[in-house]
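Step one of this worksheet: look at the structure below.
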Amino acid sequence: MGVLMSRRQTVEKVQKVKGEDEAPAGPSQPEESSTSKAAWERLRDGRGVEPEEFDRANRFTPPAFIRPTRELHDDEPLDISLEQREQVLNDEMCEICEVWTAESLFPCRICSRVYHDGCLRRMGYLQNDSAVEVTETAHTETGWSCYYCDNLNLLLTEEEMYSLMETLRQCKIIPETCLTLDDFLHYKHLVHKQQFERPMGEAQEERAALQFSALDPDKKGHVEWPDFLSHESIQLLQKLRPQNSLLRLLTAKERERARTAFLALDQDSDGFIGESECHKAQHAWFRKHNQKETPSCNVSISHVGPMSESSPASSGSSKSQEKTLLATEQEEARPVDWPSFLRENVAYILAARPNSAAVHLKPPA
């Protein structure tokens, strides 16, 4: 996990340690505008807010982040006990101002950090409707992810981030812009051809369209940049890291939620659940928005964000439903134990971190 280097102090020096000479070179391109260069720099440094957008006299400087590094043996098996529950405690002081004011602190649902809403506003991370969201959900079962956990891109190492930026450059994706369905599919076709040296098939294109629909739950016809970046970041993690390495990214709160989910599904307490139940859990991780009741693992795909008939990804959905019905009996036959449950769900647990209503990793139907 990356390290938050500063809270209130100015951190531009940290952000410029490597200097412009070490910025990702990428293929030769025409001169970029200053706006485009700034967007690439923000992407490289993991900054979601540009300090120049705010009145510095009344704002804290957004923090600099040091990207995580891979440990030498982080791909070795990790023993996470089902029986041994973990005590989850939140920090006592605000992560930004380091002051304790008890009940006015808002906890992150992923990590142990807590925040004052006033400090978040001065950082530029709490604006307009998001202020209402934090105050209404931070102390509920739904919860709220802090600005660190909300950004899946910050899970990438420098090398992984360079790889992603190279792919974006080669596919002519401009940072901080929205993507239409055509843009998204064009990008997916190029990435697939680069990776496998063959065109993307019809079934794969249908899955990409389904993912676009999941990233656009409000049916605006485009995917917001933060949602696209989170999706591509989690896809890259799946591609480059073994599952044991991904398991090390889970926080104590996430491990506890996973235990609760598994124990609820293991009704006969034999240590195994059916594969279809495992798939239900994958959908359940994304029940953060539009559901006021307590999350449950007995969830259908409609809870993730149903596709309307006019959705560009709705074609072929009847075929998918037929395949799902035919596969259900086969799924029930494969027992899933606790370690397998964790490995098969870890990417979905991580992908559920953002506060966005978008589903950043579409579970199988």
* Of the numbered conditions (1) hydroxyl-bearing (S, T, Y); (2) open to solvent by 20 Å² or more (accessible area, probe 1.4 Å); (3) within 17 Å of the chain's Cα centre (by Cα), S269 fails exactly one; give the number of that condition. => (3)
* Residue among E83, E92, E41 that alone is within 28 Å of N244 (Cα to Cα) and modelled with pLDDT of 80 or more -> E83
* Scope segment 81-93; condition in contact with a helix residue (DSSP H, G or I) (Cβ under 7 Å, 6 or more places away or on another chain) and either surrounded by 18 or more Cβ atoms within 10 Å (Cβ to Cβ) or without any contact (Cβ under 8 Å) to a residue 24 or more places away in the chain (or both); matching residues -> none
* Asked: Is one or more of the residues making up segment 140-153 surrounded by 18 or more Cβ atoms within 10 Å (Cβ to Cβ), assigned to a helix (DSSP H, G or I) and modelled with pLDDT of 90 or more?
  -> yes
* **Residue satisfying all of: in segment 94-114; farther than 18 Å from E136 by Cα and not hydrophobic (A, V, I, L, M, F, W, C); least open to solvent (accessible area, probe 1.4 Å) among these** => E95
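The values are calculated or read from the model by the stated rules, or taken from the named source; none is laboratory data. Please read these numbers as outputs of a predicted model, since none were measured by experiment. Every residue, glycine among them, receives a Cβ derived from its backbone with ideal geometry; neighbour counts consider all protein chains shown. Surface accessibility is based on the protein's heavy atoms, side chains included, excluding ligands, DNA and RNA. Shrake-Rupley method; radii C 1.70, N 1.55, O 1.52, S 1.80 Å.
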